[in-house]
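Let me begin by presenting the structure, written as structure tokens, before commenting on it.
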């Protein structure tokens with residue numbers, strides 16, 4: 001993780017921000033009173049918030065880990081991107097077809113609600 005003083009960060013703030021975004025790495029901005037701050041990109045912030053949200057619920061997090069194991073075992077479901085782009089994709093119908101338990105549906109609804117609330121742009125990654 002990079003670190004710089006508040007004066008250096010402000011001197012070339014655009015360049016400092018560019019480094020954060022281009023390197024996908026936060027920068028610690030040190031201050032004289034030791035109340036340092038960390039500058040991160042919005043995509044990194046969104047990623048952190050999404051992960052915190054998922055981990056708040058033990059059931060959701062357990063289901064996520066189970067899904068990761070299923071994916072590693074090759075149990076994947078593909079989504080037809082053409083249907084999404086044409087505007088005739090029924091998200092609820094797709095959920096019913098691919099998730100058979102109430103827990104799965106609840107987790108997906110929670111993720112969708114979170115994404116809608118936080119204006120998720122599809123670039124964050126769930127760990």
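The values are calculated or read from the model by the stated rules, or taken from the named source; none is laboratory data. Keep in mind that this is a model prediction, so the values were computed, not measured. Cβ sites come from the backbone with ideal geometry, for glycine too, and all protein chains shown count toward neighbours.
Let's see how each residue does on (1) loosely packed, with under 11 Cβ neighbours inside 10 Å; (2) modelled with pLDDT of 90 or more:
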| site | (1), (2) |
| --- | --- |
| 1 | yes, no |
| 7 | no, yes |
| 16 | no, yes |
| 37 | no, yes |
| 41 | no, yes |
| 47 | no, no |
| 61 | no, no |
| 67 | no, no |
| 71 | no, no |
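Return only the number of the condition from (1) outside the structural domain of residue 6 (by TED's automatic domain parsing); (2) under 22 Å from residue 12 (Cα atoms) that residue 36 does not satisfy.
(1)
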